[in-house]
Amino acid sequence: VQLQASGGGLVPAGGSLRLSCAASGRTFSSGAMGWFRQAPGKEREFVAAIPWSSIGTYYADSVKGRFTISTDNAKNTVYLQMNSLRPEDTAIYYCAAKTVGVLPARRIESYDYWGQGTQVTVSS
């Protein structure tokens with residue numbers, strides 16, 4: 001299984017970005033996808049997760065109302081629309097996949113596959 005993340009970049013505070021993560025190597029009909037991020041000097045943290053059924057979404061409190069996670073099952077792709085970006089959103093963003101269920105959505109160890117990460121930088 002390969003996860004290819006893209007869409008990162010440099011944006012001013014208040015701006016928007018859409019991250020994409022294309023999954024390949026197997027058919028994804030169950031399980032879930034998640035986005036995590038890691039800022040310099042900090043631990044990797046949960047951002048958002050969604051099952052491939054798209055029934056239910058999960059967000060970190062820090063991004064709720066600003067970020068939206070979605071999937072395109074036909075393309076085996078998950079998106080993270082990020083609006084009203086803040087300097088504290090600056091981090092490397094990683095997509096991850098799990099093969100069974102979505103819960104626990106926030107636990108890093110519960111994900112089976114990881115992408116390479118894409119840098120998001122928000123200037124103040």
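The values are calculated or read from the model by the stated rules, or taken from the named source; none is laboratory data. All values derive from a computational prediction rather than experimental measurement. Cβ placement follows ideal geometry from the backbone for every residue including glycine, while neighbour counts extend to all protein chains displayed. Accessible surface areas use protein heavy atoms only, side chains included; no ligands, DNA or RNA. Shrake-Rupley method; radii C 1.70, N 1.55, O 1.52, S 1.80 Å.
Evaluating V1 against the criteria (1) open to solvent by 50 Å² or more (accessible area, probe 1.4 Å); (2) more than 17 Å from S110 (Cβ to Cβ); (3) not aromatic (F, W, Y) leaves one unmet condition, (2). The set of residues from region 61-74 being part of a loop (DSSP other than H, G, I, E, B) and buried (at least 17 other Cβ atoms within 10 Å of the Cβ) comprises just one member, V63.
Of the candidates Y94, Y79, the single residue that is part of a strand (DSSP E or B) and either buried (at least 21 other Cβ atoms within 10 Å of the Cβ) or without any contact (Cβ under 8 Å) to a residue 60 or more places away in the chain (or both) is Y94. Residue check: T57 meets all listed conditions (1) open to solvent by 10 Å² or more (accessible area, probe 1.4 Å); (2) farther than 20 Å from A13 by Cα; (3) in contact (Cβ under 8 Å) with a residue 60 or more places away in the chain but one, namely (3). Residues that are surrounded by fewer than 21 Cβ atoms within 10 Å (Cβ to Cβ): list the strands (runs of 3 or more DSSP E) wholly contained in region 7-50 that include at least 2 such residues. Result: 9-12, 17-24. Whenever a residue of region 20-46 is without any contact (Cβ under 8 Å) to a residue 60 or more places away in the chain and over 19 Å from T77 (Cα atoms), its partners that are of a type in the set (A, V, I, L, M) and in a loop (DSSP other than H, G, I, E, B), lying with C-beta atoms within less than 8 angstrom and at least six residues away or across chains, give the pairs E45/A60.
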